[in-house]
Amino acid sequence: MRLTLFEAAGIRWFLPLEIVRHILPQPKVFPLPLLRPCFSGVLLYGGQIVPLLLLPLEEGGAMLKAPDFVLVCDTGIGPVGVPADRVERITTDGEIASDVVASIDSGCDMCEIGGWRCRPLSLNRVLEASESSA
């Protein structure tokens, strides 16, 4: 399993590389009325309109500034943009120990990956929670 490690608003996150389609530097984000509350706007990627996720951050806050990067990711509803201040790196094959993979699969809150303490971002879970609260 390979992971994409990134940081947003001072929080370190990771996503499985297999769902990350592309990493866009400084994309233009457009406001769009009537978006689900979990989205802050949209961007254009590959001829598609892609909603930009409002990351669930500490203390109920959200990342509202224009992102330095956007990870365009595949989800159950189609592509979704994930904002990032910094993309740390993509892990290599075999770098992730089996106990870390097991903790990711069991829904850990925080993992240690190559000296980086970070949390998993379950896009489908965030989107489902947003839909149920709408």
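The values are calculated or read from the model by the stated rules, or taken from the named source; none is laboratory data. Just so you know, these numbers come straight off a predicted model, no measurement behind them. We place every Cβ from the backbone using ideal geometry, glycine too, and count neighbours over all the protein chains shown.
If a residue must be in contact (Cβ under 8 Å) with a residue 60 or more places away in the chain and hydrophobic (A, V, I, L, M, F, W, C), how many such residues does the stretch 35-46 contain?
1
State which residue is farthest from Ala9 (Cα to Cα) when the search covers only the stretch 46-61 and only residues that are modelled with pLDDT of 90 or more and surrounded by fewer than 21 Cβ atoms within 10 Å (Cβ to Cβ). First the steps, then the outcome.
Kept after step one, since they are modelled with pLDDT of 90 or more, are these residues of the stretch 46-61: 46-53.
Subsequent filtering for residues that are surrounded by fewer than 21 Cβ atoms within 10 Å (Cβ to Cβ) retains 46-49.
Details: Gly46: 27, Gly47: 29, Gln48: 26, Ile49: 24 Å.
Here the answer is Gly47.
Out of Asp99, Asp74, I need the residue that is touching a helix residue (DSSP H, G or I) at 6+ places or on another chain (Cβ under 6 Å), more than 18 Å from Gly10 (Cβ to Cβ) and either assigned to a strand (DSSP E or B) or modelled with pLDDT under 85 (or both). Which one?
Values: Asp99 fails: touching a helix residue (DSSP H, G or I) at 6+ places or on another chain (Cβ under 6 Å).
Among Asp99, Asp74, only Asp74 is touching a helix residue (DSSP H, G or I) at 6+ places or on another chain (Cβ under 6 Å), more than 18 Å from Gly10 (Cβ to Cβ) and either assigned to a strand (DSSP E or B) or modelled with pLDDT under 85 (or both).
Considering each of Gly81, Gly107 in turn, give the residue that is over 15 Å from Leu3 (Cα atoms) and modelled with pLDDT of 85 or more. Steps first, answer last, please.
On the way: Gly107 fails: modelled with pLDDT of 85 or more.
Matching residue, one of Gly81, Gly107: Gly81.
Just the residues that are surrounded by 12 or more Cβ atoms within 10 Å (Cβ to Cβ), part of a loop (DSSP other than H, G, I, E, B) and among the basic types (Lys, Arg), please, taken from the stretch 7-43.
Arg36
What are the residues in the stretch 1-34 that are closer than 19 Å to Asp74 by Cβ and without any contact (Cβ under 8 Å) to a residue 24 or more places away in the chain, if any?
Hits for the stretch 1-34 are Pro16, Glu18.
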